[in-house]
Structures are given as C-alpha cells and as structure tokens.
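The values are calculated or read from the model by the stated rules, or taken from the named source; none is laboratory data. Treat the numbers as computed from the prediction; the structure is a model and nothing was measured. In this analysis, Cβ positions are derived from the backbone assuming ideal geometry, glycine residues included, and neighbour counts consider all displayed protein chains.
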C-alpha cells in the first residue's frame, strides 16, 4: 500500500539545528498485554537530530536535540479512532503536540522521516530542511 498515515508526536522541539545535524530514526517494536487483557503489538518510530560537538584538541561528543515519536496507520479511520482514544485519555492539552500526516511512499522508515520533516517545516517554521512536498500532507487535529 502506497498511502500511509502517521501520527507525529513532538516530544521536544529543537530550538536550533546545526547544519551538519542528521535526523536518525529508530524502529521500536513492543508486545504485551493491555488493560483489556488482550495481546497487543505496538510499532513506532523514535527520532532525534544528532550532531558532533567539541574541538579537535578536546575531542568530539555526540549531542542529540529534538525528540519525536511516530506511529503508522494503514487507514484514515484507524488514525482518527486512535486520536479519539488519545483525546479521551489525555485531554486536549496534549493533543496540541500531535500532527497527522498523510504520506505517499513504500518504505515505512522513509515515510516516517518525511512526515517528521513535513511537521517541522510546515507547523514549526524550520525552513532550511526539505519538507517532503509533494509526498506529504498535514491534517489538522480537532
């Protein structure tokens, strides 16, 4: 399926991203029993911007800034259902940090990468990175 829907949750918004920073994405797969005593699996993507800081004499260290979480959905109805559950559990205050993005692509990790970049450029005003156009469209969360 080429059309995927991503829920992007901005945990920590980067204030300044250096030009040599790389956006790294990590796939996380969890399994377990939920509160309804049913076996569930949770697949998400965690990402941050990483860059090196320091000097040649003192040595370099890896620094991360900005943290994001992404969840993939196959249909728009499934994503809206999950947003309704999130709104019921956490309220509308936490809903301000969530953006829904429709992405056209094949590889899930690349689609998550494009969804995060689209949210950063279109919603938070970062202009020096690629925004994923024409593959991404952001939906308003109500």
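Some points to look at:
- Residue under evaluation residue 100, criteria (1) modelled with pLDDT under 90; (2) touching a helix residue (DSSP H, G or I) at 6+ places or on another chain (Cβ under 9 Å), criterion not met: (1)
- Looking only at segment 91-116, residues that are part of a helix (DSSP H, G or I) and under 23 Å from residue 29 (Cβ atoms) come to 9 in all.
- Being surrounded by 15 or more Cβ atoms within 10 Å (Cβ to Cβ), touching a strand residue (DSSP E or B) at 6+ places or on another chain (Cβ under 8 Å) and under 25 Å from residue 141 (Cα atoms) is a property that residue 50 lacks.
- Residue list for segment 118-141, filter: surrounded by fewer than 19 Cβ atoms within 10 Å (Cβ to Cβ), closer than 19 Å to residue 25 by Cα and modelled with pLDDT of 85 or more: 135
- Residue check, residue 63 in contact with a strand residue (DSSP E or B) (Cβ under 7 Å, 6 or more places away or on another chain), surrounded by 12 or more Cβ atoms within 10 Å (Cβ to Cβ), without any contact (Cβ under 8 Å) to a residue 24 or more places away in the chain and in a strand (DSSP E or B): yes
- Those residues of segment 33-60 which are assigned to a strand (DSSP E or B) and over 27 Å from residue 101 (Cβ atoms), in sequence order: 33, 39, 52, 53, 54, 55, 59, 60
- Which numbered condition residue 102 misses (of (1) surrounded by 13 or more Cβ atoms within 10 Å (Cβ to Cβ); (2) more than 19 Å from residue 140 (Cβ to Cβ); (3) within 18 Å of the chain's Cα centre (by Cα)): (2)
- Extreme residue, surrounded by the most Cβ atoms within 10 Å (Cβ to Cβ), among residues of segment 4-25 that are within 21 Å of residue 109 (Cβ to Cβ) and out of contact with any helix residue (DSSP H, G or I) (no Cβ under 9 Å at 6 or more places or on another chain): 21
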